[in-house]
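Working notes, beginning with the structure itself.
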Amino acid sequence: MQKGTISGSVYATERYSSSEDYKTSRMPTIGQTVEFDDGRKFVFVSSKIALLAGNVVAVSTALATPIDNLIAATEPIGETEIVMTTAGVTFFGGTVGVNAADRFAEGYLVTNDDAGEGYCYRIKGNTASTALTTTTFTLYDGLKVALTVASDVFILGPRYRMVAQGTATLPPVGIAVVPCTGTSEYYFWAQTKGICGVTSTTGTNQAIGTLMVAAASGGVDIGTGHADIPIGIALGTDTTATATVPVQLTIGG
């Protein structure tokens, strides 16, 4: 037990269904944070993909482009059940129109254009759907402005649940400090602040004080421009093209 940790060590990965360390009644909440007096900060996340210790993990973005004109019918002010015709939409790179129940829970519906534009609603859950059916998204808060069949929206995946391996463009959540097998949903603490070992996968040498940014395959690279996503500052000089480097993390707020 480390001082400040909710339950168990930050270096543990656990399955919700079979864990001996994290019983259901003691399981930290997804998105819960813990901070140590040495400046390290962690957030509790889950993943269903294979990860290595030191990998950047990122938000699992459902759609990078808006869904245009797919609200099934006018949804009035105060409505929390939003029905969308998702039969032709591919989420999370999966099968067209197929969504598991509550896969979007704790994600977000952002109204992008036309009626109801400008709001961000947190998603409480969703119905399962197939390639031939609609999807109902249940919101925590009722609509502030009515939506119509012409309204356009973004659907974003939950920030801390089912995180993805980092890329140069996905918003980072933290650094995996332990490996995950990827065979089922595992829960672990991802580090967001403080000194951490981070994987360099780009074949570029780092020097002390170098700005490190998100790169492909869960790795980091040396920052070169305004479009880069900062991960932190290198604390050591690396003479090996691909290695793990010590980084002072600056992920998140």
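The values are calculated or read from the model by the stated rules, or taken from the named source; none is laboratory data. On a predicted model such as this, the values are computed, not experimentally measured, just so you know. All Cβ positions, glycine included, derive from the backbone under ideal geometry; neighbour counts span all protein chains shown.
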Residue in the range 228-246 that is surrounded by fewer than 22 Cβ atoms within 10 Å (Cβ to Cβ), at pLDDT below 90 and either within 30 Å of Ala73 (Cβ to Cβ) or within 17 Å of the chain's Cα centre (by Cα) (or both) present: no
Condition check for Gly252: under 20 Å from Arg159 (Cβ atoms) and in a loop (DSSP other than H, G, I, E, B): yes
Residue count for the range 90-127, restricted to those that are assigned to a loop (DSSP other than H, G, I, E, B) and either out of contact with any Ser or Thr (no Cβ under 8 Å at 6 or more places or on another chain) or closer than 18 Å to Tyr160 by Cβ (or both): 13
The listed residue being assigned to a loop (DSSP other than H, G, I, E, B), at pLDDT 90 or above and under 24 Å from Cys180 (Cα atoms), out of Ala62, Ala53, Ala12, Ala73: Ala53
Flag if Val145 is under 30 Å from Gly116 (Cβ atoms) and either buried (at least 23 other Cβ atoms within 10 Å of the Cβ) or small (Gly, Ala, Ser) (or both): no
From Thr90, Thr85, residue being free of Cβ contacts under 8 Å to residues at least 24 places away in the same chain, touching a Leu at 6+ places or on another chain (Cβ under 9 Å) and among the β-branched types (Val, Ile, Thr): Thr90
Unmet requirement for Val173, which otherwise passes all of (1) β-branched (Val, Ile, Thr); (2) at pLDDT 95 or above; (3) under 30 Å from Ile77 (Cβ atoms): (3)
Out of Thr192, Thr201, sole residue that is assigned by TED's automatic domain parsing to the domain that holds Ile49, surrounded by 15 or more Cβ atoms within 10 Å (Cβ to Cβ), in contact (Cβ under 8 Å) with a residue 60 or more places away in the chain and not charged (D, E, K, R): Thr192
